[in-house]
Amino acid sequence: MIGSIAAIGLASRYLLEMGDTEAILYGSAASGESTAMAALLNELGVKFEYRAIDSDPAAMREWEQLDGERVPMLRMGNHAILRGFDQIKLQQLFGWVGC
């Protein structure tokens, strides 16, 4: 799901602290989708920071405060969050055009 963050509270605060172009991927070692999303982001040339929620307590808190329900979760600046791995949505989000 891609959408603007409009909720007031901790989630909004974390998003507002980010720059407009910063991308953070929350994932876990046990998630094949996290690995697939990281690989696709690299293939698309997207610069991002990977935060492992299963080994980094601070990343886990951030993910939970952003209503993390599943991994992977990609946060793009203070504008959007993509939950789960959806290759087509990810390609559209970063302007990839092709068949």
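For segment 34-99, applying the loop criterion from DSSP together with a ceiling of 13 other beta carbons within 10 Å to the GluC sites (Glu not before Pro) yields E69.
Please rank M37, M76, fewest neighbouring Cβ atoms within 10 Å first, as an exposure proxy. Lowest to highest Cβ neighbour count: M76, M37. When the charge dipole of segment 23-83 is built from unit charges on Cβ atoms (+1 for Lys and Arg, -1 for Asp and Glu) and taken about the Cα centre, the candidate among A38, A23, A58 whose Cα reaches farthest toward its positive end is A23.
Values in this text are rule-based calculations from the coordinates and carry no lab data. Just so it is clear, the structure is predicted and the values come from calculations on it, not from any experiment. Glycine also receives a Cβ, built like all others from the backbone with ideal geometry; neighbour counts cover every protein chain displayed.
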